Amino acid sequence: MSEKFDVVVVGAGPAGYHAAIRAAQLGFNTLCVDQWLNEKGELQPGGTCLNVGCIPSKALLDASHKYSQAKSGFPALGIQTKGLAIDVAQMQKHKRSVVASLTQGVSGLLKSNGVVVMSGHAKLGAGKQVTVSSDQASPVVVQAEHVILAPGSSPIDIEACRCDDDIVVDSTGALEFEGVPKRLGIIGAGVIGLELGSVWSRLGSEVVLLEAMDSFLPGADTQVAKEALKQFKRQKLDIRLGAKVVDSQKSGTQVVVRYEDSEGTQSETFDRIVVAVGRRPQTADLLASDSGVSLDARGFIEVDEHCQTGAPGVFAVGDAVRGAMLAHKGMEEGLMVAERIKGKKPQVDYDTVPMVIYTHPEIAWVGQTEDGLKQKGIEFNVGVFPMAASGRGMASQETAGLVKVIADSASDRVLGVHMIGAHASELIAEAVIAMEFGASAEDIGLTMFAHPTISEGFHEAALAVSGHAIHIANRKRR
Ligand code: FAD
């Protein structure tokens, strides 16, 4: 194997494998190194996203949602569900088969694009030399013309409740339960906590989420966050805000967690605990002291808006750099960097990164919130459409939620779109495209949407910006 490469990519997660494939497509002799091994000791690409993140969580979310619909929604539609039962082992088997197909698919894509794949831990030294070490072979030193670092992130552990991979687990462990815990405590009511909490609650766990912050989903639109809290409470997710976990003690097969809230110190006993308090960049032992690449105080690789590090020819993308820790953000950064190495000039538009929470109803948004715009002193108009008024929503028992369009009051340009409702994860793409093309609320209002669809909610919300929605009572007209 050649030990010189045009491009060396460290990490075969979504950010890294996108970068590697595009680099190879552009004619570069490309190496991709990853240390993720499957149970057979073989390299398994796909990173967090495919192995223990986006994909396995959605497999369980979809399966548990179908069960919950069958249990509580089907009888009203005239569908009998006598004898309905869950088989967690089969759900896990389904999840594993999806993960296996996709990770094998990525291996195939890397190979068919001509990317050389190497298994092992990579460390970047001076002069773009990458040393790859593994238990199987002696270290290999590779000389790179360009390096793309995509080492991703790992779950944050907290001292007050240390993971033991048994009773107390992180998000990876929470995707592996082989039975339904009777009482499940989740530390952190952010995206991952809510998604995992939803899975196990739908399957029968009594779920309590302990969130240290006083506000719920602070990054989301306030009205959407309020609606979400109402919907989750209805689903019996017990979300306790301002509840800071201070310590935990094992007691037989259970854990007693102590937390502080506005009323003092409280305690709760759980059968399992999931610690879902966030993720940190996986940059320990990635860089030799003379690599020329710097980390910030929290361990993120420092980069400019084009993902260039302080070392010429070395780039970093994905969860290990600033910005949202989301697979699609990393993918776009990976593609951008490969193309910039080729001399092209693409950019990532960080103002239109879609955010999605795959609960039910789903929550999705893109762009600015009302609160953010107020802080910046930007004047705006708002159009809201409640999904309760959607014909397709009624027909399909999906009337929870709303769509909100926020437009600049002077130009009518769309500045933000916020949704809570069925299929919001799919619908948000319409808003992203509209914003990428600089659409005004009027442009969306003048666009034809198929009837009856859930996406008509976006159309109506855009019309509501000027007080012209048809299916709601408009108070304001402009
Ligand atoms: P990773 O996917 O973490 O990949 C990094 C890769 O680099 C790994 O394979 C690792 O083995 C390898 N590596 C690290 N260091 C080295 C080294 N020194 N040498 C060799 N290899 C190395 N995001 C979404 O957008 N949508 C979702 O629905 C979603 N759901 C999620 C659900 C859960 C439960 C979790 C945990 C995460 C979820 N995420 C989701 C986040 C998403 O998984 C990450 O944003 C994404 O995987 C980051 O991609 P990445 O390529 O930067 O890093």
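What the table below lists for this structure:
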| quantity | calculated |
| --- | --- |
| Pairs where the first residue, in the range 26-43, is within 21 Å of Gln282 (Cβ to Cβ) and at pLDDT below 95 and the second is outside any loop (DSSP other than H, G, I, E, B) and within 15 Å of the ligand (Cβ to nearest atom), C-beta under 6 Å, 6+ apart | none |
| Scan of the range 62-92 for residues that are closer than 15 Å to Leu203 by Cα, among the basic types (Lys, Arg) and free of Cβ contacts under 8 Å to residues at least 12 places away in the same chain, ordered by number | Lys66 |
| Filtered residues of the range 248-276 (kept if of a type in the set (Gly, Ala, Ser) and surrounded by 16 or more Cβ atoms within 10 Å (Cβ to Cβ)) | Ser248, Ala276 |
| Residue count for the range 3-15, restricted to those that are within 9 Å of the ligand (Cβ to nearest atom) and closer than 17 Å to Leu287 by Cα | 2 |
| Whichever residue in the range 130-158 is charged (D, E, K, R) and over 25 Å from the mean Cα position of the chain (by Cα) and, among such residues, is surrounded by the most Cβ atoms within 10 Å (Cβ to Cβ) | Glu145 |
| Any pair with Cβ under 6 angstrom, 6 or more apart, that starts in the range 131-155 at a residue that is touching a residue at least 12 places away in the same chain (Cβ under 8 Å) and ends at one that is part of a strand (DSSP E or B) and aromatic (Phe, Trp, Tyr) | Ala144/Phe5; Ile148/Phe315 |
| Those residues of the range 306-335 which are part of a helix (DSSP H, G or I), touching a strand residue (DSSP E or B) at 6+ places or on another chain (Cβ under 9 Å) and more than 8 Å from the ligand (Cβ to nearest atom), in sequence order | Glu333 |
| Any hit, the range 143-153, residues being at pLDDT 95 or above, near the ligand (Cβ under 9 Å from one of its atoms), closer than 24 Å to Asn38 by Cβ and in a strand (DSSP E or B) | yes |
| Hey, Ala100 more than 11 Å from the ligand (Cβ to nearest atom) and touching a residue at least 40 places away in the same chain (Cβ under 8 Å) or not | no |
| Every residue from the range 267-287 that is of a type outside the set (S, T, N, Q) and not in a loop (DSSP other than H, G, I, E, B) | Glu268, Phe270, Arg272, Ile273, Val274, Val275, Arg279, Arg280, Pro281, Leu287 |
| Extreme residue, farthest from Ala12 (Cα to Cα), among residues of the range 69-120 that are among the hydroxyl-bearing types (Ser, Thr, Tyr), surrounded by fewer than 16 Cβ atoms within 10 Å (Cβ to Cβ) and under 27 Å from the mean Cα position of the chain (by Cα) | Ser97 |
| Checklist (1) more than 8 Å from the ligand (Cβ to nearest atom); (2) more than 14 Å from Val99 (Cβ to Cβ) applied to Asn38, failing item | (2) |
| Residue list for the range 106-124, filter: more than 11 Å from the ligand (Cβ to nearest atom) and out of contact with any strand residue (DSSP E or B) (no Cβ under 9 Å at 6 or more places or on another chain) | Gly108, Leu109, Ser112 |
| Of all residues making up the range 1-20, the number that are within 22 Å of Val140 (Cβ to Cβ) and buried (at least 22 other Cβ atoms within 10 Å of the Cβ) | 12 |
| Residue in the range 432-444 that is under 23 Å from Lys226 (Cα atoms) and in a strand (DSSP E or B) present | no |
| Hey, Gly127 within 16 Å of the ligand (Cβ to nearest atom) and either surrounded by fewer than 16 Cβ atoms within 10 Å (Cβ to Cβ) or modelled with pLDDT under 95 (or both) or not | no |
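The values are calculated or read from the model by the stated rules, or taken from the named source; none is laboratory data. If you're wondering where the values come from, they're calculated on a predicted model, not measured in any experiment. Ideal geometry is used to build each Cβ from the backbone, glycine not excepted, and the neighbour counts take in all protein chains shown.
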